[in-house]
Structure formats: C-alpha cells, structure tokens
Amino acid sequence: AVEASANGAIDRKIVSLLERLLLRTFNSECDLLIQNVDYKNIVIYENRINNSFEQLNRLTLKYDVMITDEYLKLKLSELRIYHEFQEKKQQEAEEQRQIKEIMRDEIRAEREMEKEKAEAEREEQKYQGLLDKMLEAARQAQGPELDRMNAQIAVLQQQLDEAKEKERRISQAQLTKSGFVYVISNVGSFGENVFKIGMTRRL
C-alpha cells in the first residue's frame, strides 16, 4: 500500500512511523468518504479521494514515503462498489414507491366506483319509492287528477329506468375495467417468491 526507502536504523524507524501514519490517515479519510457516498455524488467523492491521495503524498514525498497508485485504485474500486450498492437501494426504494402508488390508485378507484354504485342504488330506491306512492295514489284518482298522476308516473318511470341503467353500467364497469395488467415481484414489499398480478389505469 505504501512505498518507502530509508538509510540507517534511525531513518528506518522514521519511515516506518510515517508509513503507518500515512496509511492510517488515508484509510480514515477514504472510509469516511465511502460511508457518505450516495447514488448521485460519486464523481465528487472520487475527486476527494484523489485529492487526499495527492495531498498526503506531497507531505511525505521528501521522505520517499508514498501511497501507491495500486492502493489508490483499490480505494476507488471500493468507493464505486458502495456507490453501486447505494444506486441499487435507491432503485428498490423507487420501485417500492411506484408499487405503493399503483396500489393506492387501485384502492382509490375502487372506492370511487363503490361510492358511485351506492349513489345509483339510493337514486333507484328513491324513484322506486316515489313511483310506488304515485301508483297507489293513482288507484284512487279519476278524471283530470288521474291524467296528471299518469303523467307524473311516466316521468318517474323514466327516471327509475335511467337510475337502473346507471347502476347496471357501474356494475358492468366493475366487471370489465379497462387498463393495464401488470405482474410485480418485489422482495421488499411481498417477500421471496411472491408475485402480485393486478390492473391499473396508470401508464
């Protein structure tokens, strides 16, 4: 990791001490930088390791003690491996976010459909109730009053038919939803060997 040359016992002790200090300092700085690298700042941290390498070597150059280029390459490789790990974590986090967003959209769409269906059912019940009351009243009516009631009955019957048709369309839409079928395998969300097959209207 470190190259050095020395003459005599005293020089050898100094060089040995410088070697240890140089290597410990460089390792500490590299470890700190590697721990802080994330998926988007690899170039900055590569430059910082290179700068540390050059500055430390300048300090000990006159003693012929230097960190080798091979050791620098190893530290840069370690940095890149950790950077790739951070990229993978970020990719998995983004996949998790997309999965949760798709599932939220599905739940939201299903709730909206259920709400529309419940409103259509209430509307049908309302018109059916009004129609039943009008038919009952019409049995007792005669002449112009009966004609007026028959006209109202016709309107109520049309409104009831429209409410039934609306409810039928909603029920049919629940059975035949259009969208995109997807298959997801994600260990973080579902565990090993578990797949989710679903449908979404999202592109």
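For residue 14 and residue 70 in one chain, what is 0.36 nm times their gap in residues minus the Cα-Cα distance, to one decimal in nm?
On the way: separation 56, 0.36 × 56 = 20.16 nm, distance 2.34 nm.
Going from the current span to full extension adds 17.8 nm.
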field: Residues of type lysines that residue 115 reaches as a straight line, Cα spacing below 24 Å, ignoring anything fewer than 8 places off in the same chain
entry: 100, 126, 164, 166, 177
message: What does the net charge come to around residue 164 if you take all other residues with beta carbon closer than 11 Å to its beta carbon, with K and R at +1 and D and E at -1?
response: -4
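If you take the alpha carbon radius of gyration of segment 101-174 and divide it by 2.2 N^0.38 Å, what ratio comes out, to two decimals?
1.56
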field: Cα centre as origin, Lys/Arg/Asp/Glu Cβ charges: segment 24-121 dipole, Debye
entry: 680 debye
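Note down the Stokes-Einstein diffusion coefficient of segment 1-106 in µm²/s, whole number, using a Kirkwood radius over alpha carbon pairs, 25 °C, and 0.890 mPa s. All intermediate terms of the calculation are to be shown ahead of the outcome.
Values: Rh = 16.0 Å.
Diffusion coefficient, whole number: 154 µm²/s.
Would you mind telling me the share, in percent, of accessible area of the chain contributed by carbon and sulfur at probe 1.4 angstrom?
Numbers: 7440 of 14280 Å².
Ligands and nucleic acids excluded, carbon and sulfur reach 52 percent.
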message: Just to be sure I understand the curve: with the Debye formula and one point per C-alpha of segment 62-203, what is log10 I(q)/I(0) at q = 0.18, 0.19 Å⁻¹?
response: -1.05, -1.10
query: To the nearest 20 debye, what is the magnitude of the charge dipole of segment 82-203 about its Cα centre, counting +1 on the Cβ of each Lys and Arg and -1 on the Cβ of each Asp and Glu?
result: 40 debye
message: Name the residue from 128, 171, 197 whose Cα lies farthest towards the positive end of the charge dipole of segment 101-201, charges +1 on Cβ of Lys and Arg and -1 on Cβ of Asp and Glu.
response: 197
message: Could you tell me the calculated FRET efficiency between residue 51 and residue 184, based on Cβ-Cβ distance and R0 = 45 angstrom, to the nearest 0.05?
response: 0.55
- prompt: For segment 42-199, what is the accessible area per residue in Å² when the probe is 1.4 Å?
  reply: 70 Å²
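So what is the relative contact order for segment 1-158, in percent, with contacts set as C-alpha pairs under 8 Å and at least six apart? Walk me through the intermediate numbers first.
Values: 96 pairs, mean separation 37.1, N = 158.
Relative contact order for segment 1-158 comes out at 23 percent.
The values are calculated or read from the model by the stated rules, or taken from the named source; none is laboratory data. Keep in mind the model is a prediction, meaning the values are calculated, not measured. Heads up, the Cβs are rebuilt from the backbone with ideal geometry, glycines too, and the neighbour counts pull from every protein chain shown. Just so you know, the surface numbers come from the protein's heavy atoms only, side chains and all, with ligands and any DNA or RNA stripped out. Shrake-Rupley method; radii C 1.70, N 1.55, O 1.52, S 1.80 Å.
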